[in-house]
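See structure below.
The values are calculated or read from the model by the stated rules, or taken from the named source; none is laboratory data. Not measured: the values here are computed from a predicted model. Counting neighbours? That spans all protein chains shown, and the Cβs are built from the backbone with ideal geometry, glycine included.
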Amino acid sequence: MNRALLFINGVPPKQLPETAAYDMVACSDGAFHYLKEKGFALNLLDFISGDFDSHTGSDEEIYSQRFIHTPDQDKTDFQKSLEILLERGIQKVDVYGGSGGEMDHFLGNLHVAYLFKDRVKITFYDEFSSYFFADEYTVLNGIKDRLVSLYPYPEANQITTKGLRWPLNEEKLMITDRIGTRNHAADDLVEIKFESGALVLFVGLATGISAGSADG
């Protein structure tokens, strides 16, 4: 499975992930600034997507050939980056900078991930958890005692879980009624299945950021 690492313009990760496991590394133009400040090896970037209104430094001149100008104001930088990755054959994307700060930014990124969930596997990482739209059958390994939250988007039906402290048995979650946040893994292996709808899983990180630690 072709895999990409994507940085977008939310709260920067305190610790930058390793890049060796990825087939492609990219960022939005807003994330380009914090990667520079953190001393990220900019030569590892395959492309930078955005409108580049605020780019004036020497690094922008050096890496200008990797800039992809995407001025469409009807789409977010995250969405435009995903479209480029799909065009390049990427099937799985790990995203940093998707949450934190202004909450409408986070909700907008979650909405974009919903739009793309049937075309590419997207996993977000922040300082607290990984989160992603679950498949109708998802297995999580090595997560005993970690936080596991089930968030319907806007609903998920006939949910059954194994390995959670508070299990569900063919139950429905709905954003306007009952949600499944703040559960915990009672076992190392957790199974979650549902029949219809959409479900976001939040899995607490064991220690710091570790890409791919619990992405199903």
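Okay, here's what the table says:
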quantity	calculated
Any hit, region 69-79, residues being within 29 Å of ALA26 (Cα to Cα), surrounded by 14 or more Cβ atoms within 10 Å (Cβ to Cβ) and out of contact with any Gly (no Cβ under 8 Å at 6 or more places or on another chain)	yes
Hits in region 76-109 - residues which are free of Cβ contacts under 8 Å to residues at least 40 places away in the same chain, part of a helix (DSSP H, G or I) and closer than 21 Å to VAL200 by Cα	GLN79, MET103, ASP104, LEU107, GLY108
Residues (assigned to a strand (DSSP E or B) and in contact (Cβ under 8 Å) with a residue 40 or more places away in the chain) located in region 165-191	ALA185, VAL190, GLU191
One residue from ASP118, ASP94 being surrounded by 15 or more Cβ atoms within 10 Å (Cβ to Cβ) and not assigned by TED's automatic domain parsing to the domain that holds GLY197	ASP94
All positions within region 132-149 that are among the polar types (S, T, N, Q) and in contact with an Asp or Glu (Cβ under 9 Å, 6 or more places away or on another chain)	THR138, ASN141
Residue among PRO152, PRO167 that is of a type outside the set (Val, Ile, Thr), over 20 Å from VAL95 (Cβ atoms) and under 17 Å from the mean Cα position of the chain (by Cα)	PRO152
Every residue from region 1-47 that is of a type in the set (A, V, I, L, M, F, W, C), assigned to a loop (DSSP other than H, G, I, E, B) and free of Cβ contacts under 8 Å to residues at least 24 places away in the same chain	ALA20, ALA41, LEU45
Candidates THR160, THR138, filtered to the one that is outside the structural domain of VAL11 (by TED's automatic domain parsing), surrounded by fewer than 16 Cβ atoms within 10 Å (Cβ to Cβ) and of a type in the set (S, T, N, Q)	THR160
First in region 55-75 and in the same structural domain as LEU35 (by TED's automatic domain parsing), second anywhere and assigned to a helix (DSSP H, G or I) and at pLDDT 80 or above, Cβ under 7 Å, 6 or more apart	HIS55/ASP29; ASP59/LYS36; ASP59/LEU42; TYR63/LEU42; ILE68/ILE84; THR70/LYS80; ASP72/LYS80
